[in-house]
Amino acid sequence: MEKVEHVNPFDIEIHLLRGNIYNALEKYPSALASFRKALEMADEQKDDIYLSLAITYQNMSEYSRAVDYYKLCLLANPSNEVAMEEMVLSLEFSKRIPEGIEFYKLLIDEHPYGYMLWYYLGDLYTKQGSFEDAITAYDYTLLIKEDFAPALLDMAQALSFLEKFTEAIEKYKTAFEYCKPDAFTYYNIGECYENLHEFETARTYYKKAVKLSAEMSQAWFGIGVTFEEEDRWYEAIHYIKKAIELDDQNGEYWLGLGDCEYRLNNYEEAEECYRKVIDFDPENEDGWISYSELLAELNRPFEASEIINTALFYHHDNQELRYRQVVYLYQAGYQQDAYIRFAETMEKYPAGFAIIFELLPSLEFDTHIGDIIRNNR
């Protein structure tokens, strides 16, 4: 390569080729140097060189620098789709999404019929959680190019986030007119129907998903959940176990299985499941609550209070856990400790105390509990 450069040092292609080779070898500083030499020589079509520089910085995890070069690339060529797609990642990692949104708006002002610009503006709004704005951007994408399936699919997902499940389903199905259905889309439709409490229809779409992708654990779990919602515990267990076979460290799956076993009075199996939930997914608040409830029901309230104590390490500000611990301590015979804990919790979370009466109605007649409530109102 050096010999060729010596013969023709002003050949841009040589520097570009060298930069790409250095990139492949992960010699990024050398790649940057080569691309910059090419940039010095370029009179036109600089967007590809800016793109190469941006991708190199992205490979180096220097995402903010990458964003700067993606911008230069798109200013030089607003139709460079590779730059649009890759820029989203760097904007996200550099926490510059709001800036990216404003940049795309400026490009759209100059190129209002650039449907890909509208599409990626929608994606940035989605990542920011501005789903209404995202839907508007996708709408403009489809006004310009009505058969652009990715915009329909992403709009459907944004509608789902807004809990507009019927509209989301309509968009998913419209997308099928322009693209082949895949397992993930079938799963998303199933989830929409599940949220609409149309469990049989949801199950149909989850089954379509696993038919296309038998390794999709979340779809197997979805089938199980639809049976669980219909109180068909044995069928639910069958499908949830299939999900666990594919992903045996998923706390949500173990929680679902535990709830089914509990409903069938299989308390030993349920306890084993709940233990796995808190082992694999301690951030799952429902796992701690379900486990503590089971222990209390099995007349093991002190163990339940200890479980809550551990749970509070992960969920320090969860008032339900704190009030549950009051009840479990009381049931275990540690009334004074329960009063102290109740007073502390009431002082910090005075609005949530009613749960103790739901868990143990007899507490309404405890004068100490009544005094603590009156003192904190």
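The values are calculated or read from the model by the stated rules, or taken from the named source; none is laboratory data. A quick note: this is a predicted structure, and the numbers were derived from the prediction, not measured. A quick note on method: Cβ atoms are made from the backbone with ideal geometry, for glycine too, and the neighbour counts reach across all protein chains shown.
Listed here are the residues, each with its yes/no results for (1) within 23 Å of residue 252 (Cα to Cα); (2) aromatic (Phe, Trp, Tyr); (3) crowded, with 19+ Cβ neighbours inside 10 Å; (4) in contact with a Ser or Thr (Cβ under 9 Å, 6 or more places away or on another chain).
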| site | (1), (2), (3), (4) |
| --- | --- |
| 171 | no, no, yes, no |
| 178 | no, yes, no, no |
| 181 | no, no, no, no |
| 184 | yes, yes, no, yes |
| 195 | yes, no, no, yes |
| 215 | yes, no, no, no |
| 218 | yes, no, yes, no |
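With 231, 281, 286, 248 as the choices, which residue is on the phi > 0 side of the Ramachandran plot and at pLDDT 95 or above? Give the steps one after another, and end with the answer.
On the way: 281 fails: on the phi > 0 side of the Ramachandran plot; 286 fails: on the phi > 0 side of the Ramachandran plot; 248 fails: on the phi > 0 side of the Ramachandran plot.
After ruling out the rest, the residue left standing is 231.
Taking the options 79, 61, 30, name whichever one is in a loop (DSSP other than H, G, I, E, B), at pLDDT 85 or above and more than 19 Å from residue 106 (Cβ to Cβ).
Details: 79 fails: more than 19 Å from residue 106 (Cβ to Cβ); 30 fails: in a loop (DSSP other than H, G, I, E, B).
It is 61.
What are the residues in the range 323-357 that are within 33 Å of the chain's Cα centre (by Cα) and either surrounded by fewer than 16 Cβ atoms within 10 Å (Cβ to Cβ) or more than 15 Å from residue 289 (Cα to Cα) (or both), if any?
Hits for the range 323-357 are 345, 348, 349, 350, 351, 352, 353, 354, 355.
What are the pairs, 6+ residues apart or on separate chains, where a residue within the range 105-122 that is under 11 Å from residue 84 (Cβ atoms) has its Cβ under 9 Å from a residue that is in a loop (DSSP other than H, G, I, E, B) and among the polar types (S, T, N, Q)?
114/79; 116/79; 117/79
Among the residues of the range 88-95, are any surrounded by 16 or more Cβ atoms within 10 Å (Cβ to Cβ) and polar (S, T, N, Q)?
There is at least one residue in the range 88-95 that is surrounded by 16 or more Cβ atoms within 10 Å (Cβ to Cβ) and polar (S, T, N, Q).
Quick one: is residue 45 of a type in the set (S, T, N, Q) and either touching a Pro at 6+ places or on another chain (Cβ under 8 Å) or in a helix (DSSP H, G or I) (or both)?
Working: of a type in the set (S, T, N, Q): yes; either touching a Pro at 6+ places or on another chain (Cβ under 8 Å) or in a helix (DSSP H, G or I) (or both): no.
No.
Between residues in the range 356-377 that are farther than 18 Å from residue 325 by Cβ and among the basic types (Lys, Arg) and residues that are assigned to a helix (DSSP H, G or I) and at pLDDT 95 or above, which pairs lie under 9 Å by C-beta distance while being six or more apart or on different chains?
Nothing qualifies.
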